[in-house]
Amino acid sequence: SIRYDFSASVLEALHHGVPLTVRWDLELRRDRDLLWDGTSRRIQQAATLSFHSLSERYVVTYNLTEQSEAFPTLPSALQALGTVDEPVFLDVQAKTEGKHYLRMRSRLDLASLPPPLQLPALLSSDWRTRSPWYQWSLSRT
């Protein structure tokens, strides 16, 4: 589970109707005895968090499946957003042979912001929300 700690500026934009898209970058890498490990596969998934002021609900929409879930509170929406879909891992693991590992990170997609916000977001450290790389071992014989 990934914990999101959005700045006050990001949350203010969310509450004023700006949807936030979070991207997960996944890399399947082969563990080799060479200087560099080889990247076998890259996967990118995204989800959008929005606030509906009329219903006072936070909505998480998974871009791949276009399924949406509504939440009464921001912490519950962020918790759902921080839980990566298991089929992604199962799909990757099913196609691995030998010793591999999976790396994943999450980031706020600034390019998906409305155009008037993109430049200020790029220039402000308040909008740079990125997790470190997380890594899991996958091995198959």
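Bear in mind these aren't lab numbers, they're just calculated from the coordinates by the rules spelled out. These numbers come from a predicted model, not from an experiment. As a convention, Cβ positions derive from the backbone with ideal geometry for all residues, glycine included, and neighbour counts pool all protein chains shown.
Would you mind computing, in nm to one decimal, how far apart the modelled labels at ARG3 and ASP31 are, each placed 7 Å from Cα along Cα→Cβ?
2.8
Can you compute the modelled spin-label distance between VAL59 and TRP133, with each label point 7 Å from Cα toward Cβ, in nm?
3.6
Residue by residue, what Karplus-based ³J(HN,Hα) values in Hz, rounded to whole numbers, does the range 126-131 have, using 6.51, -1.76 and 1.60 with θ = phi - 60° and x for Gly and Pro?
Using θ = phi - 60°, the values come out as 4, 9, 8, 10, 8, 8 Hz.
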